[in-house]
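Please read the structure below before turning to the comments.
The values are calculated or read from the model by the stated rules, or taken from the named source; none is laboratory data. Since this is a predicted model, take the numbers as computed values, not measurements. Neighbour counts are summed over all protein chains in view; Cβ atoms, including those assigned to glycine, are modelled from backbone coordinates with ideal geometry.
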Amino acid sequence: MNSDHFESRAREALRPAAESPDPRQDRVVLDAAREAAAEIQVRRRSSRRQWWVPASVAAALGVVAIGLWSTVQPPEDDTLRGSSGGSVVPSSGATLSTPPERFDWEDQSGATGYRLTLRTADARVLWQSQTSYDSHVEVPQSVRFANGATYLWTVQYEGPVISGSLGPFSFRLAAN
Amino acid sequence: MTSGNDATLMLRFQEEGDYSAFEALYQRHRDALFAFVMSLAGHRAIAEDVSQHAWLRLIDVARRGSYAARSGVAFQTYLFTLARNHFVDQYRRKFDAVRTDSLDETQIEERAHDDAHEDLIGRLDASQLAGELREALNTLPFEQREVITLWACGFDLEAMSAMTGAPPDTVLSRKKYALGRLRHALRRLIREREES
């Protein structure tokens, strides 16, 4: 039997036979989908209503908000500013009174997994998370932070056709 | 039944909260995804968990509005990647602990020329061959087993590369050695049966 013939027979033989999961999966998945659909519809209706806000008022509010925001932002060290990533928690450059219990970042389109790396200011790796399917991770209690120290964190993300990273972002723990 | 291509249905669910669009997607891919995971895991309970997790994760992606139809990847590849990643993260170590077979490349090349049992392989009927191959598949290292499973599901090289995160050349190489190992394992199984 030549190699091509073996390959085609093997491919045919190994093609997974149609098989259904337990019917309980149908209930769990479809219930979750129904719930999500309802949530999305509510959000959609709510965002539609926002269109009734006159554009001029919205624009004026926007200008005021940007003005206020720019006056309350502390100056940031450019070397510590995140390269991208939109809103993150803790926000980059923040000074925290207690160690962070969790890190949040924005979902990246097409990403199926995220991994966070936490470093000290001298770039030593303090902790690396397992792959997370969500755009946040909880910090285990075993991670030790020092008061007054600055930390950096980055997030690597990956999907079927994309990969990239967010950050570095920084935060500092108050001296006490 | 709601119609439309996969990406359109997913976007209708994500953007409009169209439940029937999701239901159509689910009916369309439920069994194929489960069969794929069954082949990968070889264990029904694990396949149930991985398959359900992938669907729930997909719903979460839609809820966050982060599914991108123009990211260049087919919906099915995206869905299967969610399942594959969960399986790798949660179960691969356990699987690796029980796999046993080992055969270096030289042995494969040498034995590829051993025709003693080729005719017997050729004479196996489809169901016998499937049974023997599945048993042999379970002995492969995970990376090779995964590529063969995706290949048998009909994914092309580009999709296999995207899903496994391995370059196309690596995927081709894994497939080549996996087929060599399958051939060898098949001959060994047949020989053992003849001798017993």
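Among residues belonging to segment B:21-30 that are more than 7 Å from chain A (Cβ to nearest Cβ) and in contact with a Leu (Cβ under 9 Å, 6 or more places away or on another chain), point out the one that is nearest to B:Ala54 (Cα to Cα). Out of the qualifying residues, it is B:His29.
Suppose the filter is surrounded by 15 or more Cβ atoms within 10 Å (Cβ to Cβ), touching a Ser or Thr at 6+ places or on another chain (Cβ under 8 Å) and either of a type in the set (A, V, I, L, M, F, W, C) or touching a residue at least 40 places away in the same chain (Cβ under 8 Å) (or both); does B:Leu182 pass it? No.
Would you confirm, using the coordinates I've provided, whether A:Leu96 is surrounded by fewer than 18 Cβ atoms within 10 Å (Cβ to Cβ) and in contact with a Pro (Cβ under 7 Å, 6 or more places away or on another chain)? Considered against the rule, which asks whether it is surrounded by fewer than 18 Cβ atoms within 10 Å (Cβ to Cβ) and in contact with a Pro (Cβ under 7 Å, 6 or more places away or on another chain), A:Leu96 comes out as yes.
For segment B:50-133, please list each of the helices (runs of 4 or more DSSP H) lying entirely inside it that holds at least 3 residues being at pLDDT 60 or above.
It comes to B:75-98, B:118-123.
If you go through segment B:6-40 and keep only what is hydroxyl-bearing (Ser, Thr, Tyr) and modelled with pLDDT of 95 or more, you end up with B:Tyr19, B:Ser20, B:Tyr26. The set of residues in segment B:30-48 that are of a type outside the set (Phe, Trp, Tyr) and crowded, with 20+ Cβ neighbours inside 10 Å comprises B:Leu33, B:Ala35, B:Val37, B:Met38, B:Ser39, B:Leu40, B:Ala41, B:Ala47.
The single condition from (1) under 23 Å from B:Ala166 (Cβ atoms); (2) buried (at least 18 other Cβ atoms within 10 Å of the Cβ); (3) in contact with a Gly (Cβ under 8 Å, 6 or more places away or on another chain) that A:Tyr114 fails is (3).
Among the conditions (1) more than 7 Å from every other protein chain (Cβ to nearest Cβ); (2) under 34 Å from the mean Cα position of the chain (by Cα); (3) modelled with pLDDT under 90, the only one that A:Asp26 does not satisfy is (3).
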